[in-house]
Amino acid sequence: MTTQPGNLSAFVDGVALPEEAARNLWTRFSEWMGEHKGDMEGFGKINGYTQITPEYRGGRAVLIAYTKEPPPAPPQTKPAGKGGGARRGGRAGGGGRR
C-alpha cells in the first residue's frame, strides 16, 4: 500500500516534524489563530518559538518555526532591467516639446 504525504507539514529549527507532530502543531496553530486573529507572535511565545510563520511550498501548507533566532534572510536580488537609468522620457531636467 502506497501512502501519500499529507498536505500539511512543519519544520522546527530547519528539521521536518513527523507527519503526526506536524498535524498536531497545525491544529493548535489554527485554533489559536481562530481565536487570536493574526497573533502568530503570541502563539510562538506560549509554545516556546521565537518565530512561527505559515508558508505554501510545493502544494503543501508548511509551518516554519524556530526555538532560537532564525537564520538571516538571503539578500534580495534586483530583477534585471529594473531601477537606475534615466527617467521616463529619457532626458533629465527637460520635459518640453521639441
Residues 33, 40 arranged by fewest to most Cβ contacts within 10 Å: 33, 40
Residue 10 long-range amide H proximity, modeled H, under 5 Å: 17, 63
Neighbour net charge for residue 63 - beta-carbon separation under 12 angstrom, K R +1, D E -1: +3
Residue 46 versus residue 67: modelled label distance in nm, points set 7 Å from Cα along the beta carbon direction: 2.0 nm
Theoretical gain in end-to-end length, residue 30 to residue 16 [0.36 nm per residue, Cα-Cα removed]: 3.2 nm
At 1.306 mPa s and 10 °C, Stokes D of region 8-66 from Kirkwood alpha-carbon radius, µm² per second: 140 µm²/s
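Just so you know, all these numbers are worked out from the coordinates, no wet-lab data involved. Note that the coordinates shown come from a computational prediction; the quantities given were computed from them, not determined experimentally. Neighbour counts are summed over all protein chains in view; Cβ atoms, including those assigned to glycine, are modelled from backbone coordinates with ideal geometry.
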